[in-house]
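A short write-up of the structure that comes next.
Derivation of every value follows stated rules applied to the coordinates shown; laboratory data play no part. Every value quoted in this text rests on a predicted model; they were computed, and no experiment measured them. Neighbour counts are summed over all protein chains in view; Cβ atoms, including those assigned to glycine, are modelled from backbone coordinates with ideal geometry.
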């Protein structure tokens, strides 16, 4: 196995985000980097497969970048499989990464089949990242979803409350508790 697989995947995601036709090109800077950092930290704390978690973290929203937000967990799993096969990554690990991607969205209840720790980490790191940069949430809601300021505030507050309620791992709650409480105070 190529030692730089994580770096190759990271570069692939970064390049896809830079393409002129990328959906939400700011995602690399404002989501992927911080989400990856959270996922790696949780993987280390929980003795998970760090390489698998890092790759899944980089690829979890690639479907959104290439194909758009709708069903991006499904398109992302297909794109990840193609890219990882191209890089000769082990098939059993590709299958786990696909499960991580398919099940990372808390809003897709029917897809929440997180029977192994790496899948839980990816879902929770994605949720936790929403608390890291509230302005990013406003950018998405105002610019891409074209909501009014009041609609955006309410939408973001509801989204953050839902994300908080979906967190299962105590390690995740500890990481984000203060930010969650501050966000609820600020969003009133």
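On the beta carbon distance between residue 19 and residue 171, with R0 = 35 Å, the FRET formula returns roughly 0.50.
Each of the peptides 88-95, 7-14, 115-122 was scored by the mean count of other Cβ atoms within 10 Å over its residues; in descending order, highest first, they stand as 115-122, 7-14, 88-95.
If a/c stays under 1.5 just call it rounded; otherwise compare a/b with b/c (prolate if a/b is bigger, oblate if not). Do that for the stretch 30-113, with a ≥ b ≥ c from the square roots of the Cα gyration tensor eigenvalues. The shape class here is rounded. Expressed as an acute angle from 0 to 90° and rounded to the nearest 10, what is the orientation of the C-alpha long axis of helix 170-187 relative to the principal long axis of the chain? The two axes meet at around 30 degrees. How many angstrom separate the Cα center of the stretch 140-154 from the Cα center of the stretch 49-71? Value for the Cα centre distance between the two parts: 24 Å.
By how many degrees, 0 to 90 and rounded to 10, does the Cα axis of helix 72-86 deviate from the longest principal axis of the chain? Computed tilt is about 30 degrees. Placing a label point 7 Å from the Cα of residue 92 along the Cα-to-Cβ direction, the residues of the stretch 40-70 whose backbone N falls under 15 Å from that point are 49, 52. Assuming R0 = 41 Å, what is the FRET efficiency of residue 44 and residue 148, from their Cβ-Cβ distance, to the nearest 0.05? For R0 = 41 Å, the calculated efficiency reads 0.50. Once you have a ≥ b ≥ c as the square roots of the Cα gyration tensor eigenvalues for the stretch 45-188, tell me rounded if a/c is under 1.5, and otherwise prolate or oblate according to whether a/b is larger than b/c. The shape class here is oblate. Seen against the Cα atoms of the chain and their longest principal axis, helix 91-102 is set at about 10 degrees.
Only helices enter the 222 nm calculation for the chain: every DSSP H run of n ≥ 4 contributes -39,500 (n - 2.57), and dividing by all residues gives -21000 deg cm²/dmol, rounded to 500.
Model label sites at residue 82 and residue 157, defined 7 Å from Cα along the beta-carbon direction, differ in position by 4.2 nm.
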